Every structure is written in structure tokens, then in C-alpha cells.
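Enquirer: Sending over a structure as C-alpha cells; questions will come in a sec.
Values quoted throughout were computed directly from the atomic coordinates according to the rules given, and no laboratory measurement underlies them. Quantities reported herein were computed from a predicted structural model and do not represent experimental measurements. When we count neighbours, we look across all protein chains shown, and the Cβ atoms used for this are built from the backbone with ideal geometry, even at glycine.
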Amino acid sequence: MKRLVLLGGGHSHLEVLRRFGEQPAADTEIVLVDHALFATYSGMLPGLIAGHYGFADCHINLEQLTRSAGARFKKSRAVALEPAIRVVKLEDGTRLDYDIVSIDVGSTPPTAQIPGAAEHAISVKPFDAFALHWEQLIAKVQNGHARKIVMIGGGAAGVELALAMQYRLAQVRVPAMQFELITAASCLLPDHHARARTALERLLAARKIAVHVNANVAGVKANAIELADGSAIASDATVWAAGAGAASWLAQTGLALDTRGFIRIDNHLSSISDTAVFAAGDCATMEGHDIPKSGVYAVREGPVLAGNLRHALAGEPLVPYHPQATALALISAGNRYAVASYGRAKLEGAWVWHWKDYIDRKFMRRYRD
Ligand SMILES: Cc1cc2nc3c(=O)[nH]c(=O)nc-3n(C[C@H](O)[C@H](O)[C@H](O)COP(=O)(O)OP(=O)(O)OC[C@H]3O[C@@H](n4cnc5c(N)ncnc54)[C@H](O)[C@@H]3O)c2cc1C
């Protein structure tokens, strides 16, 4: 009997489990390790924050999905990996031997280097902790203990979340809340074409959300954000949605990592330093490609990863993954309105939000039904 260990119930592993459930691998035990019982579908998180969705709409029960795939769910966190003896160590002391291990543990905003960020900023990841912090923040705002919220991060996640939070607070009738958004980049949404950027800048301006560009955060305090140029921005609640950092435990595995600490993989989604290790999603960096840390790519890697894990277990040749050159981004604007960005193309309207809602719900049904 061989053992395939899946670390993290990320977007790629959801598809791996679904496919192994449809077509079980002979003589193979599959174990999924995740400390969270529920996987959050990030595409719907801004809708959860805005109040359009409930918890069940955008969460997948990993234990149920694992069981339906004929696999075993282990609720714990990977803390170490020893490729030389093919063992994963878990937070609860368990040691799991493996024949093949696949890592899909995502990323977290890299706040560790910023003084005060861990204590005073609310990180958007892990998502389950963020959703909890958000409910606490709503209560704080309703009690009059916070009047100004500052979002750090000018990518799609930061923009969507700032608009979603503002929308939700308006629904719970909080008067005169102030929102600001700061980014170290020279513009908002630097990975998108100017057409999409202009549309979102217009929406932020219409909602009176001030944007600070070229603002490098040097420190976070309880009531202010300190910038590298010596200035400060007052903030009653600071939310951190900028950047993607690698899990620190990966550094001790001896696997080949890139300069940011992500696992270097080849186009078969296999570690360049160990053929028994696969990785996908945000925690991996593919050699020769500049793939954004985005759920779209993690989802697309899923089917290829599933196929290659099966091939690796059977000792068969692997198939390559070809990342798409451009990905569609549907960026929601708090209310039921969204902007679609695809290369140079931009579309917007309430219908774009309903289109996004249709796609997102369809995605969720694949892993729930
Ligand atoms: C607010 C927000 C909105 C976003 N919206 C979009 C969007 O609309 N479209 C899009 O393409 N991208 C979006 N993204 C980006 C997207 O969230 C990530 O790119 C995506 O989640 C990466 O998926 P993943 O499979 O790498 O890992 P994740 O989905 O992050 O999953 C990682 C899993 O691993 C588990 N895990 C972590 N560490 C361990 C460990 N040590 N041991 C065991 N398990 C572990 C976690 O609990 C989690 O279940 C958004 C991001 C944010 C912050």
C-alpha cells in the first residue's frame, strides 16, 4: 500500500480530492492534512465580508470532501518535512510517512518584518481568523471605538475588501466611517490594465475612499501606520492585504526554494530538488514562469496535479502544465457591482457581479454536491 499525503486543503488539492474520489487509485491511502476544517473560497470572501453570502456559501467542509474521496482527513498543521526519509511532522506530534507528498498550503501577507504589524494589523489570511476579526471590528465600530479603517494593499484583494467592508458597515447603519487605502506601488492594481484600474479608481473616489500610493509601511501602531518617509497615517483599525509570503517551516525542509521562500517546481508541478514532492498554488514558484499568486492559477493547476500524482504513484511519465498567459479577474465593488479585467479588456456593471456570482457558486457546487 502506498501513501499520498496532501498538505493543505488549498484550491489545487480540492480538485485532486474530487478526481481521486471519482477514480480511486489502487492500493493507495490518501491523507489530507489541514488545521482548518473548512476551506474558504477566496473569490467569495469579499462577498462574505459585504454580507452577500453566509459562511456555508463560501466554505467547503474538508472532512466531508476527504471522506467522499475515500481519503483520510487529519486535522493538524504540517510543521516539518524530511525529504530524505520521506516523513512529514505535524503540530500534534504525528509523523506521517509518505511515498508522494503534495504541498498546497497557500501564502500569508508578509507582515513578520514590519514592527507592530502582527499585534496591530488584522491580516486577511488565514481567512477563518480574518472573518472572525471582521465580526469583532463591526462590533467595535458600532460601539463607537473605531471611526477610521485603513487597508494596506492596493491589489485586487485590498480594493475588493475595502469596498466590501465599507458596504457592510453602511448596511448596519454605522454613520460617518472613514476609509483609506495605502499601497507601496505607484498605482492601484499594478497587475491590471489602465482601463480596469481607472474604473476601480473611479468607484473608490465615488465612495470617498482615499488612496495613498508610493506609501511604504515601516511600522504599525495601535492608532497609526508609520511610513518609510517618516510620515504617519492615523488608523483606528488596520487591515493587511498586501503581498504574499511563504510559510516559514518550508525553509527547514531542504527543498529548493526561491528568494522569497516558495517551493521551486518544474512544469510538472514537481519540486526541482525532489521528485517525490509536488507543490501547487501560492506556495510554489514555477521555473521559467512568472505566475501570479492567484486562486485562478491554483485552480487550473488542480487537474494537472491530480494526474501527475497518479502518474508518480504508478511510476509513469508526468504531463506538463501550461499556465495561461492571461487570467480573467472579476473584482467586486462592495455592492452587487463588479469590474471584469482581462488583459486590455474591461467590462463593468451589476451584470458582471451576477456573472461572477454564477461562476463562484458553480465552483462551490463541484466540491459540495
Ligand atoms: C480577499 C482576497 C480575495 C481574493 N480573491 C481572489 C479572486 O477573486 N480570484 C483569485 O484568483 N484569487 C483571489 N485571491 C487570491 C487567492 O486567495 C489565493 O491565490 C489562493 O487562495 C491560493 O490558493 P492556494 O491553493 O495556494 O492556497 P489556499 O487557498 O490559501 O489554501 C491553503 C490551505 O492550506 C492550509 N494550510 C496552511 N498551512 C498549512 C500547514 N502548515 N499544514 C496544513 N495545512 C495548511 C490552510 O488552512 C488552507 O486551507 C484573493 C485573496 C484575498 C486575500
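Enquirer: Which of Val319, Ala241, Thr66 sits farthest toward the positive end of the charge dipole of the chain, with +1 on the Cβ of Lys and Arg and -1 on the Cβ of Asp and Glu?
Expert: About the Cα centre, the residue reaching furthest to the positive side is Ala241.
Enquirer: Taking 0.36 nm per residue of separation and subtracting the Cα-Cα distance, what length does fully extending Lys2 through Ser248 add?
Expert: Details: separation 246, 0.36 × 246 = 88.56 nm, distance 2.85 nm.
Gain on stretching Lys2 to Ser248: 85.7 nm.
Enquirer: By counting other Cβ atoms within 10 Å of each Cβ, how are Ser341, Ser231, Ser12 ranked from fewest to most? Mind showing how you got there, number by number?
Expert: Numbers: Ser341 26, Ser231 12, Ser12 33.
In order of increasing Cβ crowding within 10 Å: Ser231, Ser341, Ser12.
Enquirer: Another question about this same structure. Compute the long axis of helix 194-206 from its Cα atoms, compare it with the longest principal axis of the Cα atoms of the chain, and write down the angle in degrees, 0 to 90, nearest 10.
Expert: Roughly 50 degrees, rounded to the nearest 10.
Enquirer: What angle do you read, to the nearest 10 degrees and between 0 and 90, between the alpha-carbon axis of helix 156-171 and the longest principal axis of the chain?
Expert: Value to nearest ten degrees: 60.
Enquirer: Here's something else I'd like to know. Read phi for every residue in the stretch 216-226 and hand back ³J(HN,Hα) as whole Hz from Karplus 6.51 cos²θ - 1.76 cosθ + 1.60, θ = phi - 60°, with x for Gly and Pro.
Expert: So the J values, rounded to whole Hz, are 8, 6, 9, x, 10, 10, 4, 10, 6, 10, 8.
Enquirer: Can you spot the aspartates and glutamates whose alpha carbon is less than 17 Å from Lys208's alpha carbon? Ignore those fewer than 8 places along the same chain.
Expert: List returned: Glu160, Glu180.
Enquirer: Moving on to the next point. Rounded to the nearest 500, what is the chain's calculated 222 nm mean residue ellipticity when only DSSP H runs of at least 4 contribute -39500 (n - 2.57) each, over all residues?
Expert: Values: 9 runs with 113 residues, N = 369.
About -9500 deg cm²/dmol.
Enquirer: Translational diffusion coefficient of the stretch 117-238 at 10 °C, 1.306 mPa s, Stokes-Einstein with Kirkwood Rh over Cα pairs, in µm²/s as a whole number. Write out the running numbers ahead of the final one.
Expert: Working: Rh = 14.8 Å.
The estimated diffusion coefficient comes to 108 µm²/s.
Enquirer: Continuing with the same structure: Indicate, rounded to the nearest 5 percent, the antiparallel portion of the DSSP beta bridges found entirely in the chain. Please list the in-between numbers first.
Expert: Working: 30 of 65 bridges.
If I count the DSSP bridges inside the chain, around 45 percent turn out antiparallel.
Enquirer: Filter Lys221/Lys293; Lys125/Lys221; Lys2/Lys74; Lys140/Lys356; Lys2/Lys125; Lys293/Lys356 down to the pairs with a C-alpha to C-alpha distance above 22 Å, please.
Expert: Details: Lys221/Lys293 28 Å; Lys125/Lys221 19 Å; Lys2/Lys74 17 Å; Lys140/Lys356 31 Å; Lys2/Lys125 33 Å; Lys293/Lys356 20 Å.
Beyond 22 Å between Cα atoms: Lys221/Lys293; Lys140/Lys356; Lys2/Lys125.
Enquirer: Still on this structure, I have one more. Once the cut-off is 36 Å, how many percent of the Cα-Cα pairs in the chain end up in the long-distance tail? List each step's numbers first, then the result.
Expert: On the way: 15609 of 67896 pairs.
I get 23 percent for the Cα pairs in the chain exceeding 36 Å.
Enquirer: Dipole size in debye (nearest 20) for the stretch 33-161 around its Cα centre, Lys and Arg Cβ +1, Asp and Glu Cβ -1?
Expert: Values: 12 positive and 13 negative charges, 39 e Å.
Dipole magnitude for the stretch 33-161 comes out near 180 debye.
Enquirer: Okay, moving on. What order do you get for Thr198, Thr66, Thr259 when you list them from fewest to most C-beta neighbours inside 10 Å? Let's see the in-between values first.
Expert: Working: Thr198 15, Thr66 23, Thr259 6.
Going from least to most buried by this count: Thr259, Thr198, Thr66.
Enquirer: At R0 = 45 Å, how high is the FRET efficiency between Arg344 and Gln142 if r is their beta carbon distance? Nearest 0.05 is fine. If you can, show how the numbers build up before the last one.
Expert: Working: r = 43 Å, r/R0 = 0.95.
Rounded to the nearest 0.05, the efficiency is 0.55.
Enquirer: Let me ask something additional. Count neighbours as other Cβ atoms within 10 Å of each site's Cβ, and list the GluC sites (Glu not before Pro) in the stretch 50-139 that are DSSP loop with at most 14 such neighbours.
Expert: Working: sites: Glu63, Glu91, Glu119, Glu135; in loops: Glu91.
Those satisfying the criteria are Glu91.
Enquirer: Could you give the nm distance between label points at Val213 and Thr259, where each point is 7 Å from its Cα heading toward the beta carbon?
Expert: About 2.4 nm, to one decimal.
Enquirer: Just want the ordering: Ser273, Ser107, from fewest to most Cβ atoms lying within 10 Å of their own Cβ.
Expert: Numbers: Ser273 15, Ser107 20.
The order, fewest Cβ neighbours first, is Ser273, Ser107.
Enquirer: When a/c reaches 1.5 or more, the comparison of a/b and b/c decides; with that in mind, is the stretch 227-369 rounded, prolate or oblate per its Cα gyration tensor?
Expert: On the way: a/c = 2.29, a/b = 1.29, b/c = 1.78.
Because a/c hits 1.5 or more and a/b fails to exceed b/c, the stretch 227-369 counts as oblate.
Enquirer: Output the 0 to 90 degree angle, nearest 10, between the alpha-carbon long axis of helix 295-314 and the longest principal axis computed from the alpha carbons of the chain.
Expert: The angle comes out at about 10 degrees.
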